[in-house]
1. Within the stretch 280-305, take every residue that is among the small types (Gly, Ala, Ser), modelled with pLDDT of 95 or more and assigned to a helix (DSSP H, G or I) and give me the one that is farthest from Ile268 (Cα to Cα).
2. Does any residue in the stretch 50-64 that is within 8 Å of ligand 2 (Cβ to nearest atom) come within less than 7 Å, Cβ to Cβ, of a residue that is small (Gly, Ala, Ser) six or more places away or on a different chain, and which pairs are these?
3. Please work out which residue is surrounded by the fewest Cβ atoms within 10 Å (Cβ to Cβ), limiting yourself to the stretch 265-305 and to residues that are among the aromatic types (Phe, Trp, Tyr) and more than 27 Å from Gly117 (Cα to Cα).
4. Taking the stretch 217-244 only, how many residues are farther than 14 Å from Thr72 by Cβ, within 16 Å of ligand 1 (Cβ to nearest atom) and surrounded by fewer than 18 Cβ atoms within 10 Å (Cβ to Cβ)?
5. Sort through Leu304, Leu282, Leu261 and tell me the only one that's within 30 Å of Arg124 (Cβ to Cβ) and free of Cβ contacts under 8 Å to residues at least 24 places away in the same chain.
6. Which condition from (1) assigned to a helix (DSSP H, G or I); (2) surrounded by fewer than 14 Cβ atoms within 10 Å (Cβ to Cβ) is the one that Asn248 breaks?
7. Give me a count of the residues in the stretch 38-70 that are within 14 Å of the chain's Cα centre (by Cα) and within 11 Å of ligand 1 (Cβ to nearest atom).
8. Which of the following residues is within 12 Å of ligand 1 (Cβ to nearest atom), closer than 25 Å to Lys241 by Cα and either charged (D, E, K, R) or modelled with pLDDT of 85 or more (or both): Glu131, Glu141?
Amino acid sequence: MDLLADLKKGKRGAIAKAITIIENDQTESKKLLKKIFKDTGNSIVIGITGPAGAGKSSLINKTAVAMKKLKTKPAVLAVDPTSHVTGGAILGDRVRMSESTDSGTYIRSIASRGATGAVSRSLRNSVRVLEYSGFNPIIIESVGAGQTEVEISNIADITVVVFNPHTGDSIQTIKAGLTEIGDIYLVNKSDLSGTNQLFDAVLDFIGDSERNPKILKTSVKKNTGIEEFAKVLKDLMNSKKKTKTEKNQERLETELKDIILNNLKEKIDDMLDSNTNYSKYLKKLQAKKIDPFEAGDKITKSLLK
Ligand SMILES: Nc1nc2c(ncn2[C@@H]2O[C@H](COP(=O)(O)OP(=O)(O)OP(=O)(O)O)[C@@H](O)[C@H]2O)c(=O)[nH]1
Ligand SMILES: [Mg+2]
């Protein structure tokens, strides 16, 4: 099987295989990246975040269909979806998002386990596979709690924060969400009571923000607000294209530094094992003849000689 040719054709099996490589096999992953890298960096990444159960997956399902009608080709990466509704998260999402899959949207779950850096690495490179395969935009769903949220906003060109009245999102959660870098704030489940209060509260908090984010109401249940949401996204995709090049350059620099620091860390870790200064100063430290900082500085200096 010619993986690259099949990826270019957007074949699902090939995409699944490539992303599995990226998640599990560093050596093969590097080989793959070498081949596809030139043809990446051109799709807009939309991060959709919000509390568990806010309706992100349901919303993405409908929105992907609407975006398809607007002549875009969306793909979805869901970061470790934890649906409390079905228990079986991935299967549940697949069912929930089946409408958009039928319309040609590619949907894939990405594990959020592992080191912080590892998650963003596999996300970033999975995005690249999807870019190479011709998808644009690439929508990333993540639960807005903890570190993944921050990572998403580092990767995404457009960030959408989803709230809803049903889960009783407190003003506190909203505040926390609003200090993030949302381009769009969505009050989903607008068929439920409390929607207007929540909408006003969100409006209040970001009313005088200079970024001028959009606030929208959607209901997946009643199928309202979704076409508008898709249109806003499409417009934002166009306007973000202009700033994307510059952002990409910055991100590439950060990525490069990350890789170098990681490589060095691994190398130095190995070196310490056989370093005589290291064992010497470690013993001194353990005997309390030297303090940790002094020991650290001495060893570092000898390493850099
Ligand atoms: N009433 C109402 N319920 C909705 C709406 N959108 C989603 N739901 C329901 O809310 C529940 C959670 O929806 P999901 O789409 O799984 O939410 P999620 O944010 O992806 O959840 P996690 O991935 O677990 O964080 C499901 O039972 C949906 O049917 C809506 O607009 N109105
Ligand atoms: Mg979900």
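The values are calculated or read from the model by the stated rules, or taken from the named source; none is laboratory data. Keep in mind that this is a model prediction, so the values were computed, not measured. Neighbour counts are summed over all protein chains in view; Cβ atoms, including those assigned to glycine, are modelled from backbone coordinates with ideal geometry.
1. It comes out as Ala295.
2. Within 7 Å, the pairs are Lys56/Gly50; Ser57/Ala78.
3. Applying the filter and picking the extreme gives Tyr278.
4. Matching residues across the stretch 217-244 total 5.
5. Leu261
6. The one condition Asn248 does not meet is (2).
7. 4
8. Details: Glu131 fails: within 12 Å of ligand 1 (Cβ to nearest atom).
Checking each option against the conditions leaves just Glu141.
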